[in-house]
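Note sheet for the following structure.
The values are calculated or read from the model by the stated rules, or taken from the named source; none is laboratory data. Nothing here was measured: the structure is a model prediction, and the numbers come from that model. Counting neighbours? That spans all protein chains shown, and the Cβs are built from the backbone with ideal geometry, glycine included. Heavy atoms of the whole protein, side chains included, go into the accessibility calculation; ligands, DNA and RNA do not. Shrake-Rupley method; radii C 1.70, N 1.55, O 1.52, S 1.80 Å.
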Amino acid sequence: LSDAKPKVARNLKHHLQHKIPLRPTPEKAWFKTYKIREKLDARTVTLHVSHRKLNKLANQISGKPLDYAILQMQFSEKRVSSQVQRLLLEAKQRAKELQMNLDAMVVEQAWVGKGADMPTRIDIRARGKFGIKRRSRSHITIRLGRGTSPQQAFEKKAQRRLDKIKLAESFAEEKKVRYTRPQWAW
C-alpha cells in the first residue's frame, strides 16, 4: 500500500505535465483519470475602497454570465471597476487553463470582505474640535461555476409557477387543488 502512493503521484504528474486530457472511465484506474473542475474561486488583493462601494459592484455581477460581467465592468464608471474587471479576466484565463467550459460559465457568487485597518489620522476642525479620518480597505472574491442556459432557467421558472397553482376540485388524487377561495364568496 505504501508503494501505491508514489506511483499514483508519478502517474498524475506525468499526465498533467504532458497535458493528456483524461476523462473518468471504468476501464482505467482511478489515478489515471482526473475530475474536471466545476467551480473556481478568485480573489483580489486588498483594494483601497469601502466595502459598501465594492459590494454594489459585487451585486451587479453576481449571477451573470462571465462575458456579460466583464462587459459590465468595462463600461462602469466606478474607479474600482477596472480592478474587478481584471479579476474576472484572470479568472476566465485560469478556467481556460483548467479546461472548464467557458460557454456555460457564470459568476455564481461574489462577496466582499473588509481589509486590514489603516492607521487613523486626526482631522482638525474649528473651535478646537477634531474628527478622525479613516480610509477603508476591502477585497472581493468571486466564484465561477456552471450556469443554466436561458431555456433551462425559463423552464424552471415556469415549473415554479405551475407548482403554485392549486385545483378547486380534485378529480384525481395526484393533482393539487386549483383556485381555492374562502367559504363565503360575497
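Remarks
- Here is the size of segment 32-174 from its Cα atoms: Rg then Dmax, 22.3, 82 Å.
- Per-residue SASA entry for M118, accessible area with 1.4 Å probe, Å² rounded to 10: 60
- Residue-normalised accessible area of segment 64-160, given per residue in Å² at a 1.4 Å probe: 74
- Across the cross-link table entries K53/K114; K56/K133; K53/K78, which are compared at the Cα atoms, the separations over 18 Å belong to K56/K133.
- Over segment 47-98, the hull volume per residue, using the convex hull of the C-alpha atoms, is 77 Å³.
- Taking only protein heavy atoms and a 1.4 Å probe, the accessible area of segment 61-155 is 48% carbon and sulfur.
- Working ranking of peptides 150-156, 38-44 by packing, defined as the average number of other Cβ atoms within 10 Å per residue, highest first, is 38-44, 150-156.
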